[in-house]
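The values are calculated or read from the model by the stated rules, or taken from the named source; none is laboratory data. On a predicted model such as this, the values are computed, not experimentally measured, just so you know. Cβ atoms come from the backbone with ideal geometry, glycine included; neighbour counts cover every protein chain shown. Please note that ligands, DNA and RNA were not included when accessible areas were found on the heavy atoms of the full protein model with its side chains. Shrake-Rupley method; radii C 1.70, N 1.55, O 1.52, S 1.80 Å.
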Amino acid sequence: MNRRNFLRTGSLAGITLSAFGLGACAATPTATAAPETSTKENKGETTSATTATTDPTDFQLNEVTVQELQRKMQSGELTSKAITQLYLDRIQAVDKSGPKINSVIEVNPDAIQIAEAMDQERKAGKVRGPLHGIPVMVKDNVDTHDKMSTSAGALALADNKANKDAFIVRQLRAAGAVIIGKTNLSEWANFRSTNSSSGWSGRGGQTKNAYVLDRTPCGSSSGSGVAVSANLCAVAVGTETNGSIVCPAAVSGVVGFKPTVGLVSRSGIIPISHTQDTAGPIARTVTDAAILMGVLAGVDPNDAVTKESTGKAHTDYTQFLDANALQGKRIGVEKSFLEGHVAIDALLRQALEQLKSKGATIVEVEAMKSIRDVSRDSFKVLQYEFKDGVNKYLATANAPVKTLKDVIEYNKRNEKTSMPFFKQEILEMSDKLGDLNTKEYKDAVKKQVSGSRAAIDKLMKDNQLDAIAGPTYGPGWCIDLVNGDSFTGYGMSTPAAISGYPHVTVPLGQVQGLPVGISFFAGAYSEPKLFGIAYAYEQISKHRTAPKFLKTTNPS
């Protein structure tokens, strides 16, 4: 998530296009280089010096979909227990050893037991739904009432065992999903420092991009994006305030869907902003994302905003997946992103031609410009809401810290371990603010929410648009624990984020081995339409490819 740009530009919409450095990255303090040479298991072949030990094509479940897993269990070819064990072995081979991508912060010690229970139910003739027996990862800011902690990556919350499941976790369990583990993230969902490195947390360390190990996984749902891309699970849950699902999905070459705020409950999730926060699916295909969305969506009495989704949510979003969904659609393309980087420009223009070939009309628009003024106070809104939400969460948490101030003091006392690379300016700035009755906050949030929605609605109405598109973000930049993130231009997340509107990213292609995504967003509760558009584009583009764990983009 590009929260550091709030301070650097004064506006979320003010991201400038920059030249993308795609040479080798300088070593970082925690960079663990992949082996110079390695031997493929049981083959006696020497791999390239630029690849890590594990060959992703050797994995039995490589690129398998949820539906394929269901067919294997239905036929008796595999059980949920066997599938879960294969993924656990994969985590050990790829995440904890081999290339050590470090996307999983904790494995569920009860995963096999849960899988066995799902197998027994299937044997007895009970199948709860499309996620029955399917291994799912959950981001480590989502409460799970089990033996795993919920920490947001922070050492201060390392032993925080949740008193109950988050609403979406209850939904997953009820659907028969096997929660196999929790994924690493940018600590405090990237709301700690202006110089943070996406995918780094005090508890989990630095997550790496599975395509090129010295490149960022983006964030804050870094581990969820990488775990799905590296085939460590079938699907994963991420959370987003601004870009935290779609950015890691895009740079990991997978599908990420940020739903309308209100479609998915936030209760039991360590918060930043009740105005913008939402959980959502990360998957290798649009179909798998649609399956997961149908399980996550639902009205939660403990999250009032979900009541707005009554009559608008669906339990089956796969019904909207239509290869001909682009026929007659009008897609706005962000004009300022048509000329930014020659390689991405070429990929985008190819995508636009593909969209037109399936019946879509392309209209150039200026969505980023239309929300620039109303987004200027976005960072301030997040700071106020972060302080309020975190204080409420910590008040009942099983952790030694009970307030944001306690967290700040904990980090100061444990600076060598909690803050070895970057500090906590955002935590400190947020804690100095007043409560949500402050006039500054009330004025800012009203301007932001109503202004952004009015601007987007008007843009879509004036141009008769079904969705707005553009490159999600640039390719992954070098991991840099000294200077922090250096976002490489573009950035389609802000309009949908500050308005609370839905946003999906789908693989657009690659730039020198680094994935980039194409975004589609639209008005409130337009998930059915966006799923249709994303699926239709996916079927004609087919840009998803499994990562190969390259050591660097420059082998020389």
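What is the calculated FRET efficiency for residue 392 to residue 369, with r their C-beta to C-beta distance and R₀ = 30 Å, to the nearest 0.05?
Working: r = 36 Å, r/R0 = 1.21.
After rounding to 0.05, the efficiency reads 0.25.
Hey, with R₀ at 45 Å, roughly what FRET efficiency would residue 342 and residue 315 work out to, going by the Cβ-Cβ distance, to 0.05? Could the numbers behind the result be given before it?
Values: r = 44 Å, r/R0 = 0.98.
About 0.55, to the nearest 0.05.
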**Asked** Using the alpha carbon gyration tensor of region 54-191, what are the three equivalent-ellipsoid semi-axes (square root of 5 times each eigenvalue), largest first, in whole Å?
**Response** 26, 20, 11
**Contact order relative to length of region 212-330, as percent, for alpha carbon pairs under 8 angstrom and 6 or more apart** = 23 percent
**Message:** If packing is taken as the average number of other Cβ atoms within 10 Å across a peptide's residues, how do 541-549, 139-147, 91-99, 249-257 rank, most packed first?
**Reply:** 249-257, 139-147, 91-99, 541-549
**Prompt:** Any number yet on Rg/Rh for region 334-389, C-alpha, Kirkwood?
**Reply:** 1.21
**Rounded percent of accessible protein surface that carbon and sulfur make up, the chain, 1.4 Å probe** = 50 percent
**Message:** From zero outward in steps of 5 Å, how is the percent of C-alpha pairs of region 239-290 spread across the bins?
**Reply:** 4, 24, 29, 23, 14, 6
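Of the cross-linked pairs 100/161; 380/416; 380/458; 380/446; 126/529, which ones have a Cα-Cα span greater than 21 Å in the structure shown? Don't jump to the answer; show the numbers that get you there.
Working: 100/161 26 Å; 380/416 29 Å; 380/458 25 Å; 380/446 12 Å; 126/529 32 Å.
Exceeds cut-off: 100/161; 380/416; 380/458; 126/529.
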**Prompt:** Rounded, prolate or oblate: which fits region 443-556, taking a ≥ b ≥ c as square roots of the Cα gyration tensor eigenvalues, rounded meaning a/c under 1.5, else prolate when a/b beats b/c?
**Reply:** oblate
**Asked** Hey, which aspartates and glutamates would be in cross-link range of residue 412, C-alpha to C-alpha under 16 Å, not counting anything within fewer than 8 residues on its own chain?
**Response** 187, 425, 428, 431
**Prompt:** In the chain, what is the volume of the convex hull around the alpha carbon atoms, normalised per residue and reported in Å³?
**Reply:** 134 Å³
**Message:** Can you divide the C-alpha Rg of region 501-556 by 2.2 N^0.38 Å and report the result to two decimal places?
**Reply:** 1.43
**Message:** Using a probe radius of 1.4 Å on heavy atoms only, what accessible surface per residue do you get for region 241-320? Whole Å² is fine.
**Reply:** 23 Å²
**Message:** Over 18 Å between Cα atoms: which of 258/329; 356/542; 96/164 fall into that group?
**Reply:** 258/329; 96/164
**Item:** aspartates and glutamates with Cα under 17 Å of residue 369, excluding same-chain neighbours fewer than 8 positions away
**Value:** 334, 339, 377, 457, 462
